[in-house]
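Here is the structure we will look at, set down as structure tokens.
Where a number appears in this text, it was derived from the coordinates with a stated rule and is not lab data. Given the structure is predicted, the values throughout are model-derived calculations rather than measurements. Cβ coordinates were reconstructed from backbone atoms using ideal geometry, including for glycine residues, and neighbour counts include every protein chain displayed.
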Amino acid sequence: MLYHTHELGRIALQPARMMAEAGQIVFSNPLNPWSHTWTGKAISAACAVFEETTRRFEKPSFNLPFTVIDDQEYPVREEIVGRKPFCQLRHFVREGVPEGDPRLLLVAPLSGHFATLLRGTVESLLPHHDLYITDWRDARNIPVGEGTFDLDDYIDYIIDYLHLLGPNTHVMAVCQPAVPVFAAVALMSQDQDPCVPSSMTLMGGPIDTRKSPTAPNRLAKERPYEWFEKNVITPVPPTAPGCMRRVYPGFLQLTGFLAMNWDRHVESHLNYFNHLIEGDGDNAQKHREFYEEYLAVMDLPAQYYLQTIRVVFQEHLLPRGMMVHRDRMVRPEAIRKTALLTVEGERDDISGPGQTQAAHDLVINLPAAMQMDYVQEKVGHYGVFNGKRWHNEIRPRVTEFIRRFDRPAG
């Protein structure tokens, strides 16, 4: 009923949204005398805010047609090089760029937003890396005949993609995938797999959520596993291709994100309203671009979500040395050849300071010279992988670390 109630509410708002769209057109038309008055501009702005905050945003595109290297533009072409039921591996092909840059697998979070949330991350990495990204699919659109997907499958996907890319690939996990990426590298190390990554970068990830627990960590810990299964898991309605698949709906995840910083989002929309009245097109466009991405959400497979709640946030199996993948122990001490970089934000309210650093306590057989930890001052969770400090301070350190441990063939 949860999903159906949400869908009915969205449908019920459709007439109001249509009226808001019409009002925006009427009161922004220069031929309408009211459009030149404060009242007319306020009505147009209010209609725009209402329409945009009640719209369902579809998956955005990366929209990165070129990259700039040494003041020269190079075309960028997106290519799907690996397809699986719940994910596709996307390659950003830089046409005309000489070979030699480190090959990097960027593992995007599967936590409610699309991989395009990392557009700024990708844009900053493109001039320096041969870049691939995990482009997770919306579970709402995956027919039940495609099977299920859980945390073990997630780890399998990462290992398969690393095999596809071959030896001397580097891997970077942003937020949620820190645990499955770490587990995948440990398992490959246990097997002495020739495709084990040359380096692993973990950014703002929940390796050990017992350290500096945040509001989401406490929520996951305080409520029993059964509560999540009963209250936040629901079947996809008949209107979608994934009809009857059990999911954790993206709109619930988004509600949680908005509630955490409600005052900040309200202030942002009030500023947007004022920008529209004042005719400040640049700031209004920046607001639209951010929220078109932020409000575009996807559903997560129920098995994956519930297993993550239990393994990562409730039982802390990885830092306790008790994580199991398909009846096989995950042994971090096996990691000997993959250099480790952890990056955290001083003000991170999703993965608190120390949670990602905990990875260094687990790699007891990795030489200190192959480990590095960096804490970025004055940034929260989003600023770890996007924005000015990511671009100017964090990304250069990541690239330098990766190049240090790159082992080109021959």
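Tabulated data
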item: Total charge dipole magnitude, segment 304-410, about the Cα centre, Cβ charges on Lys, Arg, Asp, Glu only, Debye to nearest 20; result: 420
item: Debye, to nearest 20: dipole size of segment 224-338, +1 on Lys, Arg Cβ, -1 on Asp, Glu Cβ; result: 960
item: Kirkwood estimate for the chain, i.e. one over the average of 1/r between Cα atoms, Å; result: 22.7
item: Long-range HN-HN contacts of Ile69 with modeled amide H, under 5 Å; result: Tyr74
item: Amide proton proximity set for Val375, modelled H, under 5 Å, gap of 5+; result: Glu344
item: The chain: most fluctuating residue of Val185, Val384, Val81 per GNM, C-alpha cutoff 10 Å; result: Val81
item: Other-chain or far-sequence residues with amide H under 5 Å of Arg103's (modelled H); result: Asp130, His170
item: Alpha-carbon centroid distance for the pair segment 44-77 / segment 160-194, whole angstrom; result: 30
item: Options Val398, Leu254, Val384, ranked by Cα towards positive dipole end of the chain, top entry (Cβ charges); result: Leu254
item: C-alpha center-to-center spacing [segment 221-258, segment 16-39] in angstrom; result: 38
item: Burial order of peptide ranges 83-92, 63-72 (average beta-carbon count within 10 Å, highest first); result: 83-92, 63-72
item: Gaussian network model of the chain, Cα within-10 Å springs - most flexible of Arg336, Arg119, Arg320; result: Arg320
item: Angle between the chain longest axis and helix 151-165 axis [Cα atoms, degrees, rounded to 10]; result: 70
item: Farthest toward positive dipole pole in segment 194-245 [+1 Lys/Arg, -1 Asp/Glu at C-beta], among Met200, Thr239, Ala215; result: Ala215
item: Segment 55-207 shape via C-alpha gyration tensor axes, a/c threshold 1.5; result: oblate
item: Degrees between helix 281-294 axis and first principal axis of the chain (Cα, 0 to 90, nearest 10); result: 50
item: Segment 5-121 - convex hull of alpha carbons, volume per residue in Å³; result: 190
item: Using alpha-carbon coordinates, inclination of helix 178-190 to the longest axis of the chain, degrees; result: 20
item: Selection from His316, Ala368, Ala339 lying farthest towards where the dipole of segment 301-410 points positive, charges on Cβ; result: Ala339
item: ³J(HN,Hα), Karplus 6.51/-1.76/1.60, whole Hz, each residue of segment 117-122, x for Gly, Pro; result: 4, 8, 4, x, 5, 4
item: Fluctuation leader among Pro177, Pro213, Pro224 - the chain, Gaussian network, Cα springs under 10 angstrom; result: Pro224
item: ³J(HN,Hα), Karplus 6.51/-1.76/1.60, whole Hz, each residue of segment 29-40, x for Gly, Pro; result: 6, x, 7, 8, x, 5, 5, 9, 9, 4, 4, x
item: Hz values of 3J(HN,Hα) by residue in segment 376-386 - Karplus curve (6.51, -1.76, 1.60), Gly and Pro given as x; result: 8, 5, 6, 10, x, 5, 5, x, 5, 10, 8
item: Dipole magnitude of segment 291-346 about its Cα centre (Cβ charges: Lys, Arg +1; Asp, Glu -1), debye to nearest 20; result: 600
